[in-house]
Amino acid sequence: MWMDHPGWVLFGTWVAALFTLGIATFLYKDNPVYKFCEAVFVGISAGYWFVSYFWQTLLPKLGYPFYAGVKTVFVGPAEWGWLVLLIPGTLGMMMLLRLVPKAGWIARWPLAFIVGYTAGLRLITFLQSNAMTQLQNSVQPVVRYNESGQFLGWESFNILLVTVGTFAGLFYFFFSQEHKGVFGRVARVGTWFLMITFGAAFGYTVMGRMSLLIGRLDFLLADWLHLIR
Amino acid sequence: MAENPTEMKPGLFDRLMRIDRRVIFIFISVALIVPLFFNISQRIQVSPEVQMLNDAMNKVPDGGLVLFAMDYDPPSAPELQPMAVAAFKVALAKKFKMVIIGLWPQGPMQANMAFETATHDPRFKDVKLTYGVDYVNLGFQSGNEAVIQKMGSDIPTTFPRDYAGTPVDQLPLMKGIKNLGNFDFMVNISAGYPGTREWVQFGADRFGLKMVSGSTAVQTTEMSPYVGKQLLGLMGGMRGAAEFEQVSGYPGRAIKFMVGQSVAHVIVIVFIVIGNIAYFATRKRKGA
Amino acid sequence: MLASAAIAQTAPGDSSAIPALTIAQPPPPNPATNVKAEDAPNDGGGSIRVTWAASPDDGAGRKNVASYNILRAVSSPTGAGAFDTVGSATAGNTEFTDGHTEDGIPYIYIVEALSSVPSPGGTPVMVSVRSEPTGVAYSNGQWFHMRRLNALIMVIIVCGAILYFIQQASSGKELFIRKIAGLDAVDEAVGRATEMGRKIFYIPGTQDMDEVQTLAGITILGRVAKVAAEYEASLEVPVSRSLVMVTCREVVKEAYLNAGRPEAYNDSMVYYLTDDQFGYAAGIDGLVMRDKPSTLFFMGAFYAESLILAETGNSIGAIQIAGTAMPAQLPFFVAACDYTLIGEELFAASAYLSKEPKLLGSLKGQDLGKAIILLAILVGIVMTSFGAISMDTSDLDKLGNYNIGQWFEVQ
Amino acid sequence: MRREIPTAIAFFVGIICIIQFFIPHRPFGTLVDVFSDWFGIVAAFAIWLGALNLLKVSLERSLSKKKTHDRWYGLVVAASFFLIFIIGMFMSGGDQFQVPGSRFDYLYVNIYTPLSSTMFALLAFFVASASYRAFRARSWEATLLLIAAFFVMLGRAPVGDQLTGFMPEGYRLSEVANWIMTYPQVAGQRAIMIGIALGVASASLRLILGLERSYLGGE
């Protein structure tokens, strides 16, 4: 294949390396090299998504099935299932009417469809997967024993801690109750748990972020400069 | 303002308090670059989640049908690619039948690269796999969690063609596969949305998929509540990858990268300590 | 017409393998028993569930069952038609769902246990043994998913609580709502932009309109834009999705109209950069460094770009107010922004800022929902703890009926 | 009429999306899949608006009379867009555009990938500078944030275990970090997740009922 040609491979690696360094200059300060890379990035990525949407959504979900459906009408045996595609097709066209100032308001119809779809679907999925599943995981015996019926103090304490933390954390989220008195104190404990959660989650990810940079350094030093193997 | 009596000549700690962030950047770069030039190795403690993952994978009978969902792209590859490679090696050793898909457009490409790396391991020199019989790559489908939902009822209509455009009914492996219920196991490698959360919600919760996940370090905290019933194991970030490489017996890149990562990590910790010392030192002086 | 135990070769007609089989001593496995077929529950039709008791040689006995084949035939008054393989299951499984049936057609099934037998030729031969056929089964669709009854109850309770308080609030009942620090800072943050003569950037997340956080972010934008219009601050909304761009234009235009300054609105306040996560981050970073906005809002769904955006904003000393329900990104906003709306607070923000009674009522409804959930957890924990006294709790599955948590499991 | 019909559409679609979850029977069982395809189609149309807007803004900036220093970057944006657009649409084998070896793939691998990977990699630096600044024991809450982060970070680095190797098993830093992650961290996470579920339910209901409809603009 043409792009396996050593010349093209080398050229590609150099382009990739220069763009890598160009973006990295932003760490020092904003500069013309970064501005150029940023402009290329915005243009290339917008085009990338545009092309992907066209080939991977617009045609396979609308264009091809619509064409195949219309063809059955003329070639037979006629099928009419494709007619339903007229709905999303029309909604999409209505969206494009935004380009016509006087008719722009018609784009609210597809927007309303999307808002209804999102609201309905997410209401269910979040209640199911966030609320119900967390309920399921929370309802556990807080007193723990092993097989021979011996009480396990440490395990019981841990489960109790999670329960108390969940409760206190939820108290923080109460909106219609002033955070004063006992309620306020419990909510305060809730914020402590939230802070521990944030700190732990942050600390946990620091390493992962380093690995991203290792990937780029590995590219520069191994694939581009061949300094390491 | 100069005549303000509390205003003092900035001392060492004051300067440390307002250290230019570019100084930190230099330290991080050096810490990450230098170890890449050396060959150091270290012992890694395996966490229970990764142990569970390894056990769960080994519990799948040899020759079992396993789904690989690769939901990530090149930016997350340093963390996730070693996981994919190690998982494929375990799969090769256990002679799994593999079906590869991706909910991220670049996922299947990453999978191909990982698969190739895995087959190049000298231990699998004699393993001869036939595409279409032993493994297939069904490529990417757009639609996020809706794809999972459709796979729950009918995989051949969800993925009518494979990665290279071959209709699935021409792939012998796909003959017996109707829906997610046919899989003995699933490995998800995930960098965000759609990913492990969606596979748990739609695959494990709704269709009873037995699954494990390898996810970026950032996501791992969000996924850890699912471990147990919904996730049979979880590896998080480069460290999780290195642990898995160690426990599965297939050491790879993750263990090597861990060194630089650890050093940079320690630098961050040292800076936090310095920041706090400076904070308390300046506060004491202001209070006095 | 069916032999209850037939020996078949994988390659029918390959008679040369038969003598090999008689030489290779191992006999075929015992068949699977108690095979039943019934309509798969809780589906839209088109599938039948086949269950069986494992062959005595599956994992035990001779341990030679490798897998099961599931065969199907259409039943008719004159007898069953030909059996075709519709799927397979590896050893250890005792269930298979045939997802390719037509509703209303009578089917019968057979489960075939397969065993691989070494042959002198080297390549192992598959031998199989068939079970008794099942009775006739039909598939059809159900109108209610029984395994989701608990979720329905949950939806009714939560939505009922919210609707009840919306109703209460519209009848004029006073509602107390606690302070949300990040939202009280909106006026100050917008005012500062006016004073300094700098811009306000509002980023409604980086996801599309199928994410409810984006919708929340856009609704908050409506309130912020109104404040910006009143303060005559200059607002810019660079977005990452075309649909979000269209929606934000409607929202901002409406807000300027409501603030009595429709002439100050201009479509160019809301513009699209790119759908791409990091392409967008690169673009925003550049804009922030060059325009040096005094105030940045991040309200919606974010992924890894959260810290790239917030650190850059922090480096120019902007006031930053963030809000997201992405648990993984919250720590970064908390670390790099002045105020952060945590999870639920993001969804409460638009109601809080609008001060409309009906919307505030929905917040009170949320609280009732939370109270009910807390109560359910408490009661559940007490019940299971008493039920499980002195029981082995190393594995919750062993608790059986005492494992009350499973009541909340939704299929 | 400009607001009533859309409000009705949102209501109708929202309710259907809720009840379909409980009705496996056709056509409800697959309705959300259909809607999700429709969403994709509408988004695929809408991206024309976004792309045109991007080009308009970029070209206007380049062609304006104002002789700003930055004006030529707009041309770079437009040129890059057209480069990948033309190659992706016409020169990379149609819908096989992403197959390795296509021209589109060459741009993807050598331009798009390094740009986005490097942008992502900047996080390594930002996470360091943010933690240096944020993790200071300014108050009790900030101290908890600091302590949790500190222990988890140490526990995740192999050096943590080397420091505490003398301790009995179960008390080493990696185990302490695991403990924080499995218990207190999960508690906070759970509270956040349950809260979010309620928040989403409430926000969704407000949208379905048309109580929040600023997205529809004015009359």
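Whole Å is fine, so just give me how far the alpha carbon centre of region C:236-288 lies from that of region C:35-102.
Distance between centres, Cα-based: 57 Å.
Counting only trypsin sites (Lys or Arg not before Pro) that sit in a DSSP loop (anything but H, G, I, E, B) with at most 13 other Cβ atoms within 10 Å, what is the longest stretch of chain C containing none of them?
C:180-354
Return the FRET efficiency for the residue pair C:Thr78, C:Glu132: r is the Cβ-Cβ distance, R0 is 22 Å, and the value is rounded to the nearest 0.05.
0.65
What is the Cα centroid distance between region C:333-369 and region C:151-182, reported in whole angstrom?
With region C:333-369 and region C:151-182 each reduced to a Cα centre, they are spaced 12 Å.
Which whole number of Å³ per residue matches the convex hull of the alpha-carbon atoms in region C:349-411?
Cα-based convex hull of region C:349-411, divided per residue, equals 115 Å³.
Quick check on chain C: what are the equivalent-ellipsoid semi-axes from the Cα gyration tensor, as sqrt(5λ), descending, whole Å?
64, 27, 22
Let me confirm one metric for peptide D:78-85, namely the mean number of other chain beta-carbon atoms within 10 Å of its residues' beta-carbons. Can you show the working numbers first?
Numbers: counts 3, 4, 10, 10, 2, 4, 10, 8.
If you average over the peptide's residues, the count of other-chain Cβ atoms is 6.
Please identify the longest segment of chain B free of exposed GluC sites (Glu not before Pro), where exposed means a DSSP state other than H, G, I, E or B and no more than 14 other Cβ atoms within 10 Å.
That gives B:8-288 as the longest site-free run.
Consider all pairwise Cα distances in region B:42-191 and report the whole-number % of them above 21 Å.
Details: 4828 of 11175 pairs.
Above the 21 Å cut-off, region B:42-191 has 43 percent of its Cα pairs.
Over the Cα atoms of chain B, what is the Rg over Rh ratio if Rh follows Kirkwood?
1.13
State which helices in chain D qualify, where a helix is a whole DSSP H run, it must extend 20 Å or more along its own axis by its Cα atoms, and its mean Kyte-Doolittle hydropathy must be at least 0.0. The partial results should precede the final answer.
Details: long enough: D:4-19 (23 Å, 2.29); D:31-63 (48 Å, 1.23); D:71-90 (29 Å, 1.89); D:113-134 (31 Å, 1.04); D:140-156 (24 Å, 1.58); D:184-208 (36 Å, 1.13).
Qualifying helices, which must be both long enough and hydrophobic enough, are D:4-19, D:31-63, D:71-90, D:113-134, D:140-156, D:184-208.
Treat the count of other C-beta atoms within 10 Å as a stand-in for reagent exposure and order B:Met174, B:Met83, A:Met210, B:Met211 from fewest to most.
B:Met174, B:Met211, B:Met83, A:Met210
If I take R0 = 22 Å and measure r between the Cβ atoms of D:Ala79 and A:Trp14 in this structure, what FRET efficiency does the formula 1/(1 + (r/R0)^6) give, to the nearest 0.05?
Once rounded, the FRET efficiency stands at 0.65.
Rounded to a whole number of µm²/s, how large is the Stokes-Einstein D of region C:68-210 at 4 °C and 1.567 mPa s, given Rh as the Kirkwood radius over C-alpha pairs? Please list the in-between numbers first.
Details: Rh = 23.4 Å.
For the chosen part, D equals 55 µm²/s.
Take every DSSP beta bridge with both residues inside chain B and express the antiparallel ones as a percent of the total, to the nearest 5.
Counting DSSP beta bridges with both partners in chain B, the antiparallel share is about 5 percent.
Just counting partner chain Cβ atoms within 10 Å, what average do the residues of peptide C:304-310 show around their Cβ? Present the calculation step by step, with values, prior to reporting the outcome.
On the way: counts 14, 3, 2, 10, 8, 1, 2.
So the per-residue partner count for this stretch is 6.
Between C:Ile389 and D:Thr68, what's the calculated FRET efficiency when r is the beta-carbon distance and R0 is 56 Å? Round to 0.05.
Rounded to the nearest 0.05, the efficiency is 0.15.
What area, in nm² and to one decimal, does the C-alpha convex hull of the protein assembly as shown cast on average over all directions?
Over all viewing directions, the protein assembly as shown projects a mean Cα-hull area of 50.4 nm².
Can you give the charge dipole size of chain C about its Cα centre, rounded to the nearest 20 debye, using +1 on the beta carbon of Lys and Arg and -1 on the beta carbon of Asp and Glu?
580 debye
Region D:112-184: which GluC sites (Glu not before Pro) are DSSP loop and have at most 14 other beta-carbon atoms within 10 angstrom? Each step should come with its number before you reach the end.
Details: sites: D:Glu141, D:Glu169, D:Glu175; in loops: D:Glu169.
When the GluC sites (Glu not before Pro) of region D:112-184 are filtered for loop state and at most 14 Cβ neighbours within 10 Å, D:Glu169 remain.
7 Å from Cα along Cα→Cβ at both C:Lys292 and A:Trp154: what's the point-to-point distance in nm?
Taking the two extended label points, one gets 5.6 nm.
Work from the charge dipole of the protein assembly as shown (Cβ charges, +1 for Lys and Arg, -1 for Asp and Glu, about the Cα centre) and give the residue of B:Leu53, D:Phe11, C:Met326 farthest towards its positive end.
Final value for the positive-end residue is C:Met326.
Dipole magnitude of region C:175-355 about its Cα centre, charges +1 at Lys/Arg Cβ and -1 at Asp/Glu Cβ only, in debye to the nearest 20?
Charge dipole, region C:175-355, about its Cα centre: 380 debye, nearest 20.
PRE reach from C:Lys63 (point 7 Å along Cα→Cβ): which of region B:53-77 fall under 15 Å by backbone N?
Under 15 Å, as judged by backbone N against the label point of C:Lys63, lie B:61-62 of region B:53-77.
Per residue of B:225-238, what is the mean number of Cβ atoms on other protein chains within 10 angstrom of that residue's Cβ?
Counting Cβ atoms of other protein chains within 10 Å of each residue's Cβ and averaging gives 4.
Averaged across orientations, what area in nm² does the convex hull of the alpha carbons in chain D project?
With every direction weighted equally, the projected area is 23.0 nm².
Please identify every one of the trypsin sites (Lys or Arg not before Pro) in region D:29-73 that sits in a loop by DSSP and has no more than 14 other beta carbons within 10 Å of its own beta carbon. Write out the running numbers ahead of the final one.
Details: sites: D:Lys56, D:Arg61, D:Lys65, D:Lys66, D:Lys67, D:Arg71; in loops: D:Lys65, D:Lys66, D:Lys67.
Filter output for region D:29-73: D:Lys65, D:Lys66, D:Lys67.
At 24 Å minimum axial length over the Cα atoms and a Kyte-Doolittle cut of -0.5, report the qualifying DSSP H helices in chain A, or say none.
TM-like helix candidates: A:6-24, A:32-53, A:108-126, A:153-172, A:181-218.
Relative contact order, percent, of chain C when contacts are C-alpha pairs under 8 Å separated by at least 6 residues?
Relative contact order of chain C: 14 percent.
Relative contact order (percent) for region C:175-355, with alpha-carbon contacts under 8 angstrom and 6 or more residues of separation?
Worked out over region C:175-355, it gives 26 percent.
For the Cα atoms of chain C, what angle does the longest principal axis make with the long axis of helix C:242-258, in degrees from 0 to 90, nearest 10?
30 degrees
List the equivalent ellipsoid semi-axes of region D:1-46 in whole Å, largest first, each obtained as the square root of 5λ for an eigenvalue λ of the Cα gyration tensor.
Over the Cα atoms of region D:1-46, the ellipsoid semi-axes are 21, 17, 6 Å.
Using all Cα-Cα distances in region B:211-252, what percent lands in each 5 angstrom bin from 0 up to the longest?
That works out to 6, 26, 27, 24, 12, 3, in percent per bin.
Where the eigenvalues come from the Cα gyration tensor of region D:125-196, what are the semi-axes √(5λ) of the equivalent ellipsoid, largest first, in whole Å?
The equivalent ellipsoid of region D:125-196 has semi-axes of 23, 18, 11 Å.
Write down the percent of antiparallel bridges among all DSSP beta bridges whose residues are both part of the protein assembly as shown, to the nearest 5.
Once the DSSP bridges in the protein assembly as shown are tallied, antiparallel ones form about 45 percent.
How large is the translational diffusion coefficient of region C:175-355 in µm² per second when you combine the Kirkwood radius over alpha carbon pairs with Stokes-Einstein at 20 °C and 1.002 mPa s?
Estimated diffusion coefficient is 136 µm²/s.
Would you compute, for the Cα atoms of region B:40-126, the largest minus smallest coordinate along each principal axis and list the three values in descending order, in whole Å?
So the extents along the principal axes, rounded to whole Å, are 34, 33, 27.
Quick one: what Rg and Dmax do you get for region A:149-229 from the alpha carbons, in Å?
Expressed in Å, the Cα Rg and Dmax of region A:149-229 come to 22.3, 66.
Per residue, what volume in Å³ does the convex hull of the Cα atoms of region D:82-139 enclose?
Value for region D:82-139: 115 Å³ per residue.
Using a cut-off of under 17 Å, list every residue of region D:16-36 whose amide N is near the label point 7 Å from the Cα of A:Glu79 along the Cα-to-beta-carbon line.
From region D:16-36, the list is D:34.
Give a quick list of GluC sites (Glu not before Pro) in region C:193-249 that DSSP marks as loop, anything other than H, G, I, E or B, with at most 12 other Cβ atoms within 10 Å.
Of the GluC sites (Glu not before Pro), the ones in loops of region C:193-249 whose Cβ has at most 12 other Cβ atoms within 10 Å are C:Glu232.
Say a paramagnetic label sat at a point 7 Å from the Cα of A:Thr72, along Cα to Cβ; which residues of region B:159-174 have their backbone N under 18 Å from it?
Answer for this model: B:160.
So, in nm, how far is label C:Met196 from label B:Thr119 when the simple model puts each one 7 Å beyond its Cα toward the Cβ?
About 5.7 nm, to one decimal.
Take B:Arg18 and A:His226, extend 7 Å from each Cα along the Cα→Cβ direction, and tell me the distance between the two endpoints in nm.
Spacing of the two 7 Å Cα→Cβ label points: 4.9 nm.
Values in this text are rule-based calculations from the coordinates and carry no lab data. As the structure is a prediction and not an experimental result, all values here were calculated from the model. So basically every Cβ, Gly included, is an ideal-geometry build from the backbone, and we count neighbours across all protein chains shown.
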